[in-house]
Amino acid sequence: MKTRGALAVGVAVIGLGLALAGLGVNPYVYFAGYVVLQYVVIATAWNVLGGYAGYVNFGTPAFFALGAYTSIFLIEALRAPLPVLILSGGLVAALLGLGIGYLTLRLKGVFFSIATFALSVVLQTLIINWEYVGGAKGYTLIRPPVPFFRSWGVLLFTLMVALAVVTVLVARTIERSWIGRGLAALRDDEDAAECMGVPTLRLKLFATTLSGFFLGVAGAPFPYYVTYVEPSSAFDLNYAVNALAMPMIGGTTTWLGPVIGAVLLGTAQQVATVTISSELNLLIVGVVLVLFVVLAPEGLTGLVRKLRRR
Amino acid sequence: MMRLRTSTLPGWALVGAVAGTLVLAGAGVLVARAADPIRIGLGMALTGGLSANGKPALMAIRIWKDDVNKKGGLLGRPVELISYDDQTNPATVPGIYTKLLDVDKVDFVVSGYGTNLIAPLMPIAMERKLTIMGILGLANNEKYKYPNYFQIQPSGPDPEANWATGFFEIAARQNPKPQTIALIGADAEYPRHAIAGARELVKKFGFTAVYDKSYPPSTVDYTPIARAIKAVNPDIVFVASYPPDSVGMVRAAAEVGLQPKIFGGGMVGLQFTTVMTSLGPMLNGIVNYDFWAPEATMMFPGIKEFFAEYQKRAKEGGVDPLGYYLPPYAYSAVQILGLAIEGSKSLDQQKVADYIRSNEFSTIVGKVRFGANGEWAKSRVLQVQYQGIKGTDVEQFRVPGKKVVLYPEEFKSGNVIYPYSAAQK
Amino acid sequence: MISWDLVANAVVAGILLGGFYAAVSLGVSLTFGLLDVVNIAHPAFVILGAYAAYMMNSTLGLDPILTGVLFTPLFYAIGAGVYRIYYASFERRGEESLRGLVFFFGVLFIIEVALSLTYGVDYRLVEAVYIGKSIELGGIGIAFRLLVPCVVGLLMTLALYLFLSRTFYGRAVMGVSQDQVALRLMGADPVRIKTIAFGIGIAAASLSGALLITIAPVVPSTDRDYIGRVFAIAVLGGLGSIGGTLVASIILGVAESLMATLFGPSWSLAVSFGILLLALAVRPAGLFGR
């Protein structure tokens, strides 16, 4: 019943997205919407590991960029179509996720975060020196004529709506299954969970792989969106910050938290880019982050829960 | 109970977000209908890595707008500028320009500053058949070959190679002719292009490359690099670098005693006033690319007035106080657009583009004619040599003779001091 | 064919660089290693210190490093204030790590913006008599621009080491991470001790900022280049180990320098972080970990 209800909501959202795509509203909505939805995917994916399992991945840019660069490689080598790109981008990033999963055997807490950050630096250096995908010069993608849709903006927006819905549904399913409970036990006390018979390693590997997969998925269409990818923007620190901040603002313990956080902060950033459009933009992000973690430590969902309880 | 709550919330959240964006978009449309000025839109790096140049560029473009409006606008209509901060992040560009085009309904767009931020604008412009003025992009149109793209950096029809041609010609002309060369550049977009061009020129002029390496832009200490280059003892050292590494290389060269016969080439940053005043005499003898210098040969009509106004505003704006590098070119980019709108008496993208393509423009950076790929028909990348710099006073850089133009011939204002060590005395 | 002269020079340059890295990382070693505060805004305080040095240098012509020393009390106070906010908002509630990280990211952004609003976004450099000069000792060239920061970094390391091992407050800081109850029994208030330690950490950051601007030009966003480096060094050295921080700094400095000289600088950063990854995989507590 629960799952069917969620599926219905998911389908409805995709329908809404398609309707919006067909409606011919202002094209700017698609571009801004794409970015916001991309963050819904990133925040949700990050939260599977960071929120549910309590392992703070600081290497989000590595996964995102890996998705983007897998796409570039496949475009350059095979002219692969978009669905293949998304799947492969996800799979390659999932492999990296599996790799960092084994890191969790030895590294906990902040050590894990720093290791993922280091991974990001190493990977960026590799990409910088790999001329085939553009290297430091960057890669320019010439988009073919858009299939089925009115424009690339509409296509990419619709695609992101679908990806976001799938990601959120998967995260929600995990959260409510024994896996989610196992991860929560692991987050609260890993040793105790292990003693209780929770298969911690398998769960952690599952979480890192899945989280990596969706982070890669978020990055895979990126080359089509910007049409020009270079390492410093694909490995932008902003992805690490947002991936962390959005679930934190929304609340990390439920699937809804990252969605709300991504929609709010993502939209705020989009709006600020075209309204305030100066240093103050970054200042607002900074102030919002500080205020939120200080005043609403459980995120918005936690705040709402607290208010209702009163 | 709990279940009900969580399943209704996402719907609200999404509806709210969508409604929010729609309201925003709607508000934009209303504003657009309210007046009838000619609107020119752009994203510019006001924060992030390129903002040290982006801010002065926007200031220059604003000066042009005020100049034009003082004279009664374009086609009798006032000009309005709409600009957003692209945060030096290419990922913001598609959003910013669709907002400009679809919500703000601008009549023309100008690019942001730099190759990385022009690149994502290209497909948008092509899909909508826009005329775009690019501000300092290197080889952005090589892959696209879009006819309505024009670019103001005077790198010429073959940007990669033209970039350093002057440097190599000067080197090849010396007697006895230098033989060996070291190439060093940052792992970033522009330096990679510049080094690629330089490699071609090494072959063309018959030098021997004895060192060819790159380094990550966040390198702190450049003395190991300078020392490694010194160890192979090249006659020429060609450097393609961004501001922090340019400073690092110049200082490191002085410290380890790296003294090739010619040193410089493609260092970005030495043109900036704060860098010039900090390095001071350490600059003497360096031969480097540049776009403008206060030499008699570069005094085009209108440029004095421009700098007077710019330097006045720069004091309040906290940007480069002299503004000799990018600002006059940013001004010229929009100046050409304005001249083309007046000349073609049209706001039609294609007509304006045709006009730009087929005419020569008299701008504050001199006569400009566009050729293949929307680049300048003829390269005008200057090679200048820093000479006779004493101390770190900023005033000395306002007068001729400190940044002597060596190349190209028609703008030459002095002779090269050769070898490098002779200019350091 | 490797020239030993070059290798020797590279090692020396690496050690000099390492001394500077130690200065930048000491504060992290203290706040992160001993207090368990993930102060990701540490590099932003470094840049703040660099701008203080720039300001005094460009207006009064003061030596950047002298300015750095003069400003340490001010930054100590700032650090103490920041810790109080942090304590009241997170530690007292017992929910520090993750939220603290986001909090300090916010602080980092706020500092960056404040700097770019005040000083603009131009590259800033300082002037000092020792910049651009070098001495030659037995075939090994030493640039003063790097020697001076290295010496200051070593002095800072020594001072912090002596403080932690010889003074009452220093020992209390060492104790605060291990046994707060015992500390209370000794008559020391853990919060006060932590405030002092955090203040010292930020003061060290500001002084290292003065060193940074002596070595290289600075813009408000330069701090982002150092986030990875400082935490890598603190972790590699073994959290809370001051000597370990110095050793790790020198290892990274020498590795970067040798790579740059002998194989091409392109991979130097990746090598540093590769060493970190390797070290973490083999010995998660770092070289000199507790």
### Partner chain coverage, peptide B:181-191 - average Cβ within 10 angstrom
4
### Query
Roughly what angle does helix B:189-205 make with the longest principal axis of chain B, taking Cα atoms, 0 to 90 degrees, to the nearest 10?
40
### Query
Based on the Cβ-Cβ distance from A:Leu303 to A:Val166, what FRET efficiency comes out when R0 is 30 Å, to the nearest 0.05?
0.60
### Where a label projected 7 Å from the Cα of B:Thr392 along Cα→Cβ would reach, residues of segment B:254-272 with amide N under 19 Å
B:254-256, B:269-272
### Query
Please state the relative contact order of chain B as a whole percent: Cα pairs under 8 Å, 6+ residues apart?
17
### Query
In a Debye calculation with equal point scatterers on the alpha-carbon sites of segment A:125-217 and no solvent, what is log10 I(q)/I(0) at q = 0.14, 0.21, 0.24 Å⁻¹?
-0.77, -1.01, -1.14
### Message
When a/c reaches 1.5 or more, the comparison of a/b and b/c decides; with that in mind, is segment A:1-144 rounded, prolate or oblate per its Cα gyration tensor?
### Response
oblate
### Query
Helix B:349-358: angle to the longest alpha-carbon principal axis of chain B, degrees 0 to 90, nearest 10?
20
#### Entry: Inter-part distance where segment C:227-244 and segment B:132-197 are each reduced to a Cα centre, Å
42
### Area projected by the alpha carbon convex hull of chain B, averaged over all directions, nm²
24.2
### Residue (of B:Asn53, A:Ala62, B:Leu283) at the positive-pole extreme of the protein assembly as shown, dipole from beta-carbon charges
A:Ala62
### Task
At 7 Å along the Cα-to-beta-carbon direction for both A:Ile142 and C:Val129, put a label point, then send me their distance in nm to one decimal.
6.2
## Note on the structure
In chain C, helical segments from DSSP H whose Cα atoms cover 27 Å or more along their own axis and that average at least -1.0 on the Kyte-Doolittle scale are C:4-28, C:64-89, C:97-119, C:144-166, C:190-215
### Task
Could you give me the percent of Cα pairs per 10 Å distance bin for chain C, shortest bin first, beginning at zero and ending with the bin that holds the maximum distance?
7, 28, 35, 22, 7, 1, 0
### Summary
So for segment C:102-227, using the alpha carbon gyration tensor with a ≥ b ≥ c as root eigenvalues (a/c under 1.5 gives rounded; past that, a/b versus b/c decides prolate or oblate), I'd call it oblate
### Query
Where both partners of a DSSP beta bridge lie in chain B, what percent of those bridges are antiparallel, to the nearest 5?
30
#### Entry: Globularity ratio of segment C:170-290, using Cα Rg and 2.2 N^0.38 Å
1.27
### Number of partner chain Cβ atoms within 10 Å, mean per residue of B:102-108
2
### Message
Please report the projected area of the protein assembly as shown's Cα convex hull averaged over all directions, in nm².
### Response
40.5
#### Entry: Whole-number D in µm² s⁻¹ for segment A:69-191, Kirkwood Cα-pair radius fed into Stokes-Einstein, 37 °C, 0.692 mPa s
186
### FRET efficiency, 1/(1 + (r/R0)^6) with R0 41 Å, evaluated for B:Ala372 and B:Asn175 via beta carbons
0.70
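Under DSSP H, which helices of chain A have Cα atoms covering 18 Å or more of the helix axis and a Kyte-Doolittle average no less than -0.5?
Membrane-span-like by this rule: A:2-23, A:27-47, A:60-78, A:82-103, A:109-128, A:152-176, A:200-219, A:237-250, A:256-274, A:279-295.
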### Message
Over 13 Å apart: what share of the alpha carbon pairs of segment C:179-222 falls there, rounded to a whole percent?
### Response
66
### Query
Taking all pairs of different Cα atoms in segment B:188-327, averaging 1/r and flipping that mean, what Kirkwood radius in angstroms comes out?
16.6
## Note on the structure
Taking C:214-224, C:172-182 and ranking on average Cβ neighbours within 10 Å, highest first, one gets C:214-224, C:172-182
#### Entry: Principal axes of segment A:2-309: Cα extent on each, largest first, Å
56, 44, 43
### Message
Treating only the Cα positions of segment C:5-87 as identical point scatterers, give the base-10 log of I(q)/I(0) from the Debye formula at each q in 0.16, 0.21, 0.22, 0.24 Å⁻¹.
### Response
-0.76, -1.04, -1.08, -1.16
### Task
Would you please give the FRET efficiency between C:Leu162 and C:Ala281, computed as 1/(1 + (r/R0)^6) with r the Cβ-Cβ distance and R0 = 35 Å, to the nearest 0.05?
0.55
### Message
Defining a contact as two alpha carbons under 8 Å apart and six or more residues distant in sequence, what relative contact order in percent does segment A:2-309 show?
### Response
33
### Task
Sort all Cα-Cα distances of segment B:305-425 into consecutive 10 angstrom bins from zero, then give the percent of pairs in each bin up to the one containing the longest distance.
11, 31, 30, 21, 6, 1
### Message
Let me confirm one metric for peptide A:294-302, namely the mean number of other chain beta-carbon atoms within 10 Å of its residues' beta-carbons.
### Response
3
### Task
Kindly identify segment B:127-249 as rounded, prolate or oblate by the Cα gyration tensor criterion: order the square roots of the eigenvalues as a ≥ b ≥ c, call it rounded if a/c is under 1.5, otherwise compare a/b with b/c, prolate if a/b is larger, else oblate.
oblate
### Task
Using only alpha carbon pairs under 8 Å that are at least six residues apart, calculate the relative contact order of chain C and give it in whole percent.
38
### Message
As I understand it, the value is the acute angle between the Cα axis of helix B:243-256 and the longest principal axis of the Cα atoms of chain B; what does it come to in degrees, rounded to 10?
### Response
10
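Every number here is computed from the coordinates shown, using simple stated rules; none is lab data. Small disclaimer: the values here were computed from a predicted structure and weren't measured. Glycine gets a Cβ as well: all are built from the backbone with ideal geometry, and neighbour counts include every protein chain shown.
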